[in-house]
Amino acid sequence: MGRQRTGAAIALHAALIPLALVWIAPLWMMFTYSTLPESEFYRATVPLLPSTSFLDNWDVLDAQTKGNFIRALFNSAATSAIFTVLSLGLTSLAGYAFARFRFFGRNALFTLVIATLTIPAFVVIIPQFILIARDLKLSNTWVAVIVPPLFSSVGVFFMRQNFMTVPQDMLDAARVDGAGEFQIFRQIALPLVVPALAALAIILFLFSWNAFLWPLLVLSKPEIQTAPVALGALVGLNRVFWNAIMVAAVLMTLPMLALFLFLQRYFIAGITAGAVK
């Protein structure tokens, strides 16, 4: 039996290592190109090893963004962090209510929430822009970037499914002991779904970090633009600064890799929660 398990593990790793290399290859090529001079981008051969022009390419990036890219990275990090925290709180409360409370119209309201997944974002983006920019005059503010996409139907569904795995007897025992509903939610239910919260946090942070179209519409001042919008400025009408784009892409990828590595244990546990009974 032990030899069979060892053989199965070796076969599994032999099959997964090439797939892992295929996934890592684009990231490695991105890093490699960020270190090459621009003249090397148009060669027929594909470079496999990095060079020494990363700082020169950074100077091009800094010049083309007028020194605002670091500020744009900070704007993206701050808005994404605030968005993630607020959206986690909102989706967790909604998911807990749908999972554990009985109220009139609960199923109909939950169906309506899920039905919003069928509405393309491009259908509502123009009314949202008119409301935020013209009526509320919130353009060029973090509020305009954070608040409109704050409610996540996927997040509500995901948290509802995880809160349904919390034993009802534990919640009832807390009520008998005199705990309030919010106290039960904060001190009992939430700690039991921490892996799901971590998984959802990565998804929400990635969604906000990569957002381009909505920040492009509501942020016109360079000093408040997010990193994807600043990155888009490197694509000109007559020239594309590929070397600067590769440097910017590397700088934008590193925070997400660090976040995933820090939360990967919780992410995997949250994604697989409920798979084994």
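The values are calculated or read from the model by the stated rules, or taken from the named source; none is laboratory data. Please read all numbers here as calculations on a predicted model, not as lab measurements. As a convention, Cβ positions derive from the backbone with ideal geometry for all residues, glycine included, and neighbour counts pool all protein chains shown.
Observations, loosely collected:
- Residue ID - farthest from Tyr42 (Cα to Cα), chosen from residues in the stretch 229-277 that are modelled with pLDDT under 70 and either of a type outside the set (A, V, I, L, M) or touching a strand residue (DSSP E or B) at 6+ places or on another chain (Cβ under 6 Å) (or both): Lys277
- Residues in the stretch 86-112 that are of a type outside the set (S, T, N, Q), in contact (Cβ under 8 Å) with a residue 40 or more places away in the chain and crowded, with 16+ Cβ neighbours inside 10 Å: Leu88, Leu90, Ala94, Gly95, Tyr96, Phe98, Ala99, Arg100, Phe110.
- In the stretch 22-45, the residues that are at pLDDT 85 or above, part of a helix (DSSP H, G or I) and not β-branched (Val, Ile, Thr): Ala25, Pro26, Leu27, Trp28, Met29, Met30, Phe31, Tyr33, Ser34
- Listed by first and then second residue, the pairs linking a residue in the stretch 243-262 that is under 16 Å from Trp28 (Cα atoms) and without any contact (Cβ under 8 Å) to a residue 60 or more places away in the chain to a residue that is of a type in the set (Phe, Trp, Tyr) and surrounded by 21 or more Cβ atoms within 10 Å (Cβ to Cβ), with Cβ atoms under 7 Å apart and 6 or more places separating them unless they lie on different chains, are Met256/Trp209.
- Residue within the stretch 209-223 that is under 30 Å from Gln168 (Cα atoms), modelled with pLDDT of 90 or more and in a helix (DSSP H, G or I) present: no
- On inspection, Phe41 fails the criterion of being closer than 25 Å to Phe205 by Cα and of a type in the set (Phe, Trp, Tyr).
- Qualifying residue in the stretch 151-166 (condition: modelled with pLDDT under 90, assigned to a helix (DSSP H, G or I) and exposed (fewer than 14 other Cβ atoms within 10 Å of the Cβ)): no
- Among residues of the stretch 45-64 being without any contact (Cβ under 8 Å) to a residue 12 or more places away in the chain and not aliphatic (A, V, I, L, M), the one that is farthest from Val240 (Cα to Cα) is Thr45.
- Out of Ala144, Ala97, one residue alone is farther than 30 Å from Ile184 by Cα, among the small types (Gly, Ala, Ser) and assigned to a helix (DSSP H, G or I). It is Ala144.
- Filter result (among the β-branched types (Val, Ile, Thr), under 24 Å from Glu223 (Cβ atoms) and not in a helix (DSSP H, G or I)) within the stretch 46-72: Thr65
- Residue match in the stretch 164-177 (condition: more than 19 Å from Leu88 (Cβ to Cβ) and among the β-branched types (Val, Ile, Thr)): yes
- Unmet requirement for Leu93, which otherwise passes all of (1) touching a helix residue (DSSP H, G or I) at 6+ places or on another chain (Cβ under 9 Å); (2) more than 16 Å from Leu192 (Cβ to Cβ): (2)
- For the stretch 46-67, the candidate set comprises residues that are over 21 Å from Leu231 (Cα atoms) and among the β-branched types (Val, Ile, Thr); within that set, the residue that is modelled with the highest pLDDT is Thr52.
- Answer from Phe163, Phe83 - the residue that is farther than 22 Å from Gln225 by Cβ, in contact (Cβ under 8 Å) with a residue 24 or more places away in the chain and not aliphatic (A, V, I, L, M): Phe163
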